[in-house]
1. So how many residues does the range 103-118 have that are under 14 Å from I158 (Cβ atoms) and either in contact with a helix residue (DSSP H, G or I) (Cβ under 8 Å, 6 or more places away or on another chain) or not aliphatic (A, V, I, L, M) (or both)?
2. Being out of contact with any Lys or Arg (no Cβ under 9 Å at 6 or more places or on another chain), among the acidic types (D, E) and without any contact (Cβ under 8 Å) to a residue 12 or more places away in the chain narrows it down to one residue among E143, E223; which is it?
3. When both residues are 6+ apart or on different chains and their Cβ atoms are under 9 Å apart, which pairs have a first residue that lies in the range 263-280 and is more than 18 Å from D304 (Cα to Cα), and a second that is among the polar types (S, T, N, Q) and surrounded by fewer than 18 Cβ atoms within 10 Å (Cβ to Cβ)?
4. Could you run through the range 231-244 and say how many residues are surrounded by fewer than 21 Cβ atoms within 10 Å (Cβ to Cβ), in contact (Cβ under 8 Å) with a residue 12 or more places away in the chain and over 20 Å from the mean Cα position of the chain (by Cα)?
5. Of all residues in the range 125-137 being buried (at least 18 other Cβ atoms within 10 Å of the Cβ) and either in contact with a helix residue (DSSP H, G or I) (Cβ under 6 Å, 6 or more places away or on another chain) or touching a residue at least 40 places away in the same chain (Cβ under 8 Å) (or both), which is nearest to I93 (Cα to Cα)?
6. Which fully enclosed strands (runs of 3 or more DSSP E) of the range 305-360 have 2 or more residues being within 18 Å of G277 (Cβ to Cβ)?
7. I need the full set of residues from the range 227-250 which are among the hydroxyl-bearing types (S, T, Y) and assigned to a loop (DSSP other than H, G, I, E, B), in order please.
8. One residue is enough: does the range 153-175 have a residue meeting the conditions assigned to a loop (DSSP other than H, G, I, E, B) and touching a residue at least 60 places away in the same chain (Cβ under 8 Å)?
Amino acid sequence: MAGISILIVLIFQISPCTGQGEEKSVNDKIENEGNNQQQTFNRSTTFPQIHTNLNGMVREFVRTMYQDKKGNYWFGTNGNGIIRYDGQTLEAITIEGIHPYMRVIEIVEDKAGNIWFGTSDGLIKYDGKKFKAFSTNEGLQGEDEEIWGLTIDNNGLIWVGSIGGVSHFDGEKFIPFSLPDSMVENPQHMLSDKLVFKIIEDKSGTIWLVTDGNGIFKYNKGEFTHLTTKNGLTDNSTADILEDKQGNIWIGTFYGGVSKFDGTTYTNFTKDGIVEGEETYNFCEDSQGNIWFTAEGFGVYRYDGANFTQFTTDNGLTSNVVLSILEDNKGQVWFGTWQGLSIYDGREFMNAKDKEPWTN
């Protein structure tokens, strides 16, 4: 099943819109004139929704989740835009001039509390009142505005990985950031030879850039290090990355499973037969220090520092294909799957609406 999630994205790809550089007026409430009751959506779904799909607002799946400093839940969907719960209302966000069927791939928050969204329509900023979109008009590279990698470093600089390449965003415009020309032998690009799927900054200030088929680049103070299978990386088709509280780097790949890198040695748990599934990503470290991740088609794994525990539909997970993981401020772990949202409360998996009725 390697690459199946990426292929699903391509099958349902929507062409992005243009003219997104100016301030947008916001209608971010579910329209239901005449009363305050939550509107019910009767949208047909691509996959049977066993668990909640947020009151029918999610046609395919939730591909990213985030809870901000104020406690608001944000759900980035694959083809149905942004959905928010502010503690009172579950809302489908409508932004004037933005395609309603955009994909939302990454959500991050800056020190000032602004929420940033990496989407199929470029970079979107929410300042608590209004949304503003930035794309090719502001210098986003390439003709395709889709953003996958997104992080904000300790200096407040926004790093963006789009189909057209890597950029820095200074709040007004995109500034191209060039990676080295070095390329692995026979790279297996899924979407673009310039795309960076994931970007993180580690505790030392080093930036890690997970490429589409060309391994990983480390960047620090103007110098690059290229990590490939020739110097220890398990697979050049990297998919995700996380630095845990101990300083270990967790690497998920499309064809080589999951590894932990302690700065010197790579330990590949898939090759060792401890973890099933060669396609791994969606890392999440919870408040207890457990590492959660997806093994495509094999559910999710939790690593407690000593042992791995696998959870599947046999344990109550709604689907073994999980696209997103989030721990909220209650300590609940959320799972966005092909067949709805599940929650793990520390004891069992259940339909998210059974723990959070507002999701129904």
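The values are calculated or read from the model by the stated rules, or taken from the named source; none is laboratory data. On a predicted model such as this, the values are computed, not experimentally measured, just so you know. Here Cβ is always computed from backbone atoms with ideal geometry, including for glycine, and neighbour counts include all displayed protein chains.
1. 8
2. E223
3. Correct list of pairs: G263/N248.
4. 1
5. In this case the residue turns out to be F131.
6. Those strands (runs of 3 or more DSSP E) span 308-311, 322-327, 333-337.
7. T228, T234, S237
8. Of the residues in the range 153-175, the ones assigned to a loop (DSSP other than H, G, I, E, B) are 153-157, 163-164, 170-173.
Right, trim to touching a residue at least 60 places away in the same chain (Cβ under 8 Å) and you get none.
Looking for residues that are assigned to a loop (DSSP other than H, G, I, E, B) and touching a residue at least 60 places away in the same chain (Cβ under 8 Å), one finds none in the range 153-175, hence no.
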